[in-house]
1. For segment 21-35, does any single residue satisfy the condition of being surrounded by 15 or more Cβ atoms within 10 Å (Cβ to Cβ) and in a helix (DSSP H, G or I)?
2. Counting only residues that are basic (Lys, Arg) and surrounded by 10 or more Cβ atoms within 10 Å (Cβ to Cβ), which one in segment 69-98 is farthest from SER25 (Cα to Cα)?
3. Hey, any hits in segment 41-50 for a residue that's assigned to a helix (DSSP H, G or I) and in contact with a Gly (Cβ under 6 Å, 6 or more places away or on another chain)?
4. In segment 33-42, which residues are free of Cβ contacts under 8 Å to residues at least 24 places away in the same chain and under 19 Å from ASP9 (Cβ atoms)?
5. On the basis of being surrounded by 13 or more Cβ atoms within 10 Å (Cβ to Cβ) and either modelled with pLDDT under 90 or more than 19 Å from SER104 (Cβ to Cβ) (or both), does ILE39 make the cut?
6. Go through segment 58-108 and give me each residue that's of a type in the set (Lys, Arg), in contact with a helix residue (DSSP H, G or I) (Cβ under 7 Å, 6 or more places away or on another chain) and over 18 Å from ILE19 (Cα atoms).
7. Does LEU101 meet the test of being out of contact with any strand residue (DSSP E or B) (no Cβ under 7 Å at 6 or more places or on another chain), under 28 Å from LYS7 (Cβ atoms), hydrophobic (A, V, I, L, M, F, W, C) and surrounded by 14 or more Cβ atoms within 10 Å (Cβ to Cβ)?
8. What are the pairs, 6+ residues apart or on separate chains, where a residue within segment 55-79 that is farther than 20 Å from LYS95 by Cα has its Cβ under 6 Å from a residue that is loosely packed, with under 10 Cβ neighbours inside 10 Å?
Amino acid sequence: MDEDLSKLDELILNGGLEIAGLTESGSFLYKFTDKLKDIDPELHSHMMSTMYDQIMFLWENGFITMDVTQENPTVSFTKKAFDPQSVNALPQLIKVNLKLLMQSMMEQ
């Protein structure tokens, strides 16, 4: 546990991780920055793979639309992504990442 905290602290101090918000229970939500690929390439690769899997899950389950034939597909949210009942039925990690994805797209 202490090792995980020191790794988290190290990533924050080196700019690879930043606070993105709070969960409903008041815990911090973090997001990785572009610096992560230089700080920890293996972790960056793992996180990119995980995010890809979760975006595909959201697409396959009708929460987002995108043209997967494009190199950098434009992602948009469906009505289902804004339906509290549908969102609450998602696994917790995917629900949190959907919220972060929505926040990051609103910032752009």
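1. The answer is no; no qualifying residue exists.
2. LYS80
3. At the first step, the residues of segment 41-50 found to be assigned to a helix (DSSP H, G or I) are 41-50.
Still in the running and in contact with a Gly (Cβ under 6 Å, 6 or more places away or on another chain): none.
Within segment 41-50, not a single residue is assigned to a helix (DSSP H, G or I) and in contact with a Gly (Cβ under 6 Å, 6 or more places away or on another chain).
4. The initial filter retains those residues of segment 33-42 that are free of Cβ contacts under 8 Å to residues at least 24 places away in the same chain, namely 33-35, 37-38, 41-42.
Within segment 33-42, THR33, LYS35, ASP38, GLU42 qualify.
5. Numbers: surrounded by 13 or more Cβ atoms within 10 Å (Cβ to Cβ): yes; either modelled with pLDDT under 90 or more than 19 Å from SER104 (Cβ to Cβ) (or both): yes.
When the stated conditions are applied, ILE39 passes them.
6. Step one: list which residues in segment 58-108 are of a type in the set (Lys, Arg), which gives 79-80, 95, 99.
Subset that is in contact with a helix residue (DSSP H, G or I) (Cβ under 7 Å, 6 or more places away or on another chain): 80, 95.
Listed by number, the list holds a single entry, LYS80.
7. Details: out of contact with any strand residue (DSSP E or B) (no Cβ under 7 Å at 6 or more places or on another chain): yes; under 28 Å from LYS7 (Cβ atoms): yes; hydrophobic (A, V, I, L, M, F, W, C): yes; surrounded by 14 or more Cβ atoms within 10 Å (Cβ to Cβ): yes.
So LEU101 fits the description; yes.
8. So the pair list comes out as PRO73/ASP67.
The values are calculated or read from the model by the stated rules, or taken from the named source; none is laboratory data. The structure displayed is predicted, hence computed values, not measured ones. In this analysis, Cβ positions are derived from the backbone assuming ideal geometry, glycine residues included, and neighbour counts consider all displayed protein chains.
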